[in-house]
Amino acid sequence: MEVIYLDALFVLNLLADYLLCLSTGRICGLCLRRRRYLAAALLGALYAAAVYLPGLRFLSLPPLRLAAGLGMGLIAFGAERQPLRCAAVLLAVAAAFGGALWAVSLASGGSGGYVPLSGRILLLAFALCYGVLRLLFHFRARKAGRRLVSVTVGFLDRETRFTALADTGNSLLDPLSGAQVLVACPHALRPLLRENTELFGALPPVELLEFSARIPELSGRLRLLPYSALGGGGLLPVFRPDRLLIDGAAQSDTLIGISPQAAGEDFEGLF
């Protein structure tokens, strides 16, 4: 007779689901929203424990499992620019991790069902799955002739992380200092701009500059940079970050431009 300890099951699933959300955020190059990930993990852990309660075995039906996974995905990534895509990646990561645990179960002499795994085994399995999926995503990008880079921006004692496309056609430079410009969509900078984020996609550049001058934390930090492109030209809002890392390497002379057009399917900036 199989004995299930609901408290251990809850704690292990809470840890596993949190790491699933965290891994998905890393793979998708998102700013990590740890509170949302914890809320999603709580839902997943409660669901996993409820499946083993008397009279609730029907919760293990595949459609309900899928609904629970999508619910977790929307809680964790509902604030992102492409929440459904992030939720789909979460399901893929969960499937890969589930396969790894199933293999561990068989290797340990189990039947492939529930096995009380230690936190160490969970972390090792996650490290393996995360590494494999990360390689697959980067291989897909390279096969398409693109190179994606991880970007970390520090500004006003805040930080955001996102993925940018290394665009060889982006030759935008600051005419005053000669600094190169990394262009990011407003959504990627939401942790920095907070309640002012939507204004960067709604207001014309000149009005935006005038409005930012009335915000103490942005006053004097934002300016306009002229640019030209195939579709025309205009003015681009830019600021100098307090800290900038690209693939872990510090950048000392790079400005951040803000444009809603700087996002694609799997990136939120152009470099």
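Would you call A8 of a type outside the set (S, T, Y) and at pLDDT 80 or above?
no
One residue stands out in the stretch 39-77 among those that are in contact with a helix residue (DSSP H, G or I) (Cβ under 7 Å, 6 or more places away or on another chain) and of a type outside the set (A, V, I, L, M, F, W, C): the one that is modelled with the lowest pLDDT, namely Y52. Quick one: in the stretch 17-27, which of the residues that are under 8 Å from the mean Cα position of the chain (by Cα) and crowded, with 23+ Cβ neighbours inside 10 Å is nearest to T163 (Cα to Cα)? For the stretch 17-27, the residue satisfying everything is G25.
Here the stretch 257-271 is the region considered, the condition is being in contact with a Ser or Thr (Cβ under 8 Å, 6 or more places away or on another chain) and more than 7 Å from C185 (Cα to Cα), and the residue that is modelled with the highest pLDDT is F267.
Looking at L225, is it outside any helix (DSSP H, G or I), over 15 Å from T152 (Cβ atoms) and modelled with pLDDT under 85?
no
Checked against the criterion of being over 29 Å from L32 (Cα atoms) and loosely packed, with under 14 Cβ neighbours inside 10 Å, the stretch 243-266 contains not a single residue that satisfies it. Selection of the stretch 35-93 for residues being of a type in the set (S, T, Y), surrounded by 16 or more Cβ atoms within 10 Å (Cβ to Cβ) and part of a helix (DSSP H, G or I) yields Y37, Y47. Filtering the stretch 193-207 for residues that are at pLDDT 80 or above, under 24 Å from G178 (Cβ atoms) and among the aliphatic types (A, V, I, L, M) leaves an empty set.
Quick grid of which residues meet (1) outside the structural domain of A250 (by TED's automatic domain parsing); (2) closer than 23 Å to A79 by Cα; (3) in a loop (DSSP other than H, G, I, E, B); (4) of a type in the set (S, T, Y):
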{"residue": "L189", "(1), (2), (3), (4)": "no, yes, no, no"}
{"residue": "L192", "(1), (2), (3), (4)": "no, yes, no, no"}
{"residue": "L208", "(1), (2), (3), (4)": "no, no, no, no"}
{"residue": "G220", "(1), (2), (3), (4)": "no, no, yes, no"}
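Only residues that are over 19 Å from R81 (Cβ atoms) and surrounded by fewer than 17 Cβ atoms within 10 Å (Cβ to Cβ) were counted in the stretch 180-202, giving 1.
The values are calculated or read from the model by the stated rules, or taken from the named source; none is laboratory data. Predicted model only: the values in this text are computed from it and were never measured. In this analysis, Cβ positions are derived from the backbone assuming ideal geometry, glycine residues included, and neighbour counts consider all displayed protein chains.
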